[in-house]
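The values are calculated or read from the model by the stated rules, or taken from the named source; none is laboratory data. The structure displayed is predicted, hence computed values, not measured ones. Glycine gets a Cβ as well: all are built from the backbone with ideal geometry, and neighbour counts include every protein chain shown. All accessible areas refer to the heavy atoms of the entire protein, side chains included, with ligands and DNA or RNA removed. Shrake-Rupley method; radii C 1.70, N 1.55, O 1.52, S 1.80 Å.
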Amino acid sequence: MKKRDRIQRYSAPERINHWVVAFCFVFAALSGLGFFFPSFNWLMNILGSPQLARILHPFIGVVMFVAFLLMFFRYWQHNLVDREDLYWAKNIHKIALNQEVGDTGRYNFGQKSVFWAAIISLVLLLASGIVIWRPYFAGAFAIPVIRLALLVHSVAAAGLILVIMVHIYAALWVKGTLTAMVEGWVTPAWAKRHHPRWYRAVRERQLKQQEKRP
């Protein structure tokens, strides 16, 4: 396909931001599973050794939170729920059959749900992680508070892992989605089918830019 026929979905900085979050998630999730399940202790070696994993895990978590926060401020307005999202949710059975419904904007209701679930999980992970972070902060909290934080951290981590699994499955299921995050572009047909309202907005912006040209 000729470059002029492509529609940019994500810029290079946006894609870099996304993959920083993705790689941090992989390292944090695998090392975290190693901490939680004795039979998975070998997963801690992903960061070099169990000792090194205990040192690096929280720092990686902070980097992931900050990187996702950049994504949050960039995309939150596109992830507000509207009437079309409710219509999309009511017709989820059609979505499961790979049938697009509704006048979807830049993101559909499923993508918006992943977005908000991820930010909530990350806020809980950061807050609880600070409480249990030895040797820096844990000493400032009582044992019952640390135990509660451990529970919150574990539940939030499990929730985030499930959310990301759904995110990955959806990205692989809808052909063209992965290309958008790797190369940054989508075809007009893809945009018109999966995100018609966003497609129209992009086309209107392109026409205005053409009219301004001498």
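Details
- Exactly one residue among Ala89, Ala96, Ala22 is closer than 21 Å to Gly176 by Cβ, at pLDDT below 95 and hydrophobic (A, V, I, L, M, F, W, C), and that residue is Ala96.
- Cβ-Cβ distances below 6 Å connect the following pairs, each with a first residue in the stretch 45-64 that is farther than 15 Å from Arg134 by Cβ, a second residue that is open to solvent by 70 Å² or more (accessible area, probe 1.4 Å) and at pLDDT 95 or above, and a separation of six or more residues or different chains: Ile60/Phe27.
- Residues in the stretch 124-153 that are in contact (Cβ under 8 Å) with a residue 40 or more places away in the chain and assigned to a helix (DSSP H, G or I): 3 in all.
- Enumeration of residues in the stretch 53-71 that are of a type outside the set (Val, Ile, Thr) and open to solvent by 70 Å² or more (accessible area, probe 1.4 Å): Arg54, Phe59, Leu70
- Of all residues in the stretch 178-201, those being part of a helix (DSSP H, G or I), buried (at least 18 other Cβ atoms within 10 Å of the Cβ) and in contact with a helix residue (DSSP H, G or I) (Cβ under 6 Å, 6 or more places away or on another chain) number 2.
- Candidate set: the stretch 99-139, residues that are of a type in the set (A, V, I, L, M) and at pLDDT below 95; chosen: the one farthest from the chain's Cα centre (by Cα): Ala138
- Number of positions in the stretch 92-143 that are of a type in the set (Gly, Ala, Ser) and within 14 Å of Val81 (Cβ to Cβ): 5
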